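Reading through the structure tokens given below for one structure.
The values are calculated or read from the model by the stated rules, or taken from the named source; none is laboratory data. This one's a predicted model, so the numbers in the text were calculated from it and none came from an experiment. With ideal geometry, Cβ positions are generated from the backbone for all residues, glycine too; neighbour counts draw on all protein chains shown.
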Amino acid sequence: MRKVLSVAVMAAVLAFVGMTKDAGATITISLEWSGCGAGTGGCTATGGNTITVNPGGGQTLRLDVFMEHNLAAPFGMESHTFSLNFDTALENELNLSAMAAVEWNGSDVIPGGAVDYFPLTLNTVNQESTVAVVGKVNSIESAGLTANLPASGALYSVGTTSILAPARYRVAQVFFTVGATALSDGADIFSGLFTTGFDQFILGDGLGTIIDPSTMTFGTATINVVPEPGTVSLLGLGLVGLVLAGRRSRRS
């Protein structure tokens, strides 16, 4: 029932407020891995969306979720809500362990004061993956309390003070444990507007204007598994066999 009501509310908002599409507007969600030691401590960032793990599972990984946008003043961004889907191949390669709210890290819209934003909230229950169910981190949400989020890297002013917004905002950290069934089979985590009725980006115009999804780019994250020694040996023997077979074919 809640979902039905939410869809109805969203439809009403779209009807009365409309949707904006600025030809030059871009919003990018990017995902980057960190490998962790014991538990969620001592994590080392890779700087990329692909990480290699050992076979057998058990490793702890941290996924940093970043956002950048160029919505110009005087509006900026009022709020965002988006979700993550993982284990879409239903192989239970990743298990959700913990989350940390880092909402719009580095954005001090009132210089010298605290970052003025809601913490990370979840509108619906997170869903762990199984061999039959896709995993989901539902509705990662942030919203301005008294000020909008400036464009990434832009110089903006509060009173007589000017400050440079960060090049991108880290909005969340999600921790996973690698499952024993992990494979090197392409992207494992997808970001996007997956929670109907909740996931959307709002322009900071005071009207609740929903930003057109076509201006958005959503990143993915991938884990690759180091082949076991036996697998590497078999691969090598297979290549040798192909070479020998080719030579015999040429001689005949």
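What are the pairs, 6+ residues apart or on separate chains, where a residue within the stretch 78-89 that is on the phi > 0 side of the Ramachandran plot and in a loop (DSSP other than H, G, I, E, B) has its Cβ under 9 Å from a residue that is surrounded by 19 or more Cβ atoms within 10 Å (Cβ to Cβ) and hydroxyl-bearing (Ser, Thr, Tyr)?
Going by the 9 Å Cβ cut-off, the qualifying pairs are Asp87/Ser129.
Does any residue of the stretch 30-37 turn out to be charged (D, E, K, R), outside any loop (DSSP other than H, G, I, E, B) and modelled with pLDDT of 90 or more?
Yes, some residue in the stretch 30-37 is charged (D, E, K, R), outside any loop (DSSP other than H, G, I, E, B) and modelled with pLDDT of 90 or more.
When you scan the stretch 109-119, do you find a residue that is of a type in the set (D, E, K, R), farther than 14 Å from Tyr169 by Cα and modelled with pLDDT under 90, even just one?
no
Tell me, please, whether a residue that is surrounded by fewer than 16 Cβ atoms within 10 Å (Cβ to Cβ), over 15 Å from Asp188 (Cβ atoms) and modelled with pLDDT of 85 or more can be found in the stretch 3-23.
Within the stretch 3-23, not a single residue is surrounded by fewer than 16 Cβ atoms within 10 Å (Cβ to Cβ), over 15 Å from Asp188 (Cβ atoms) and modelled with pLDDT of 85 or more.
Report yes if Leu61 is buried (at least 19 other Cβ atoms within 10 Å of the Cβ), at pLDDT 90 or above and in a loop (DSSP other than H, G, I, E, B), otherwise no.
Judged against the criteria, Leu61 is not a match.
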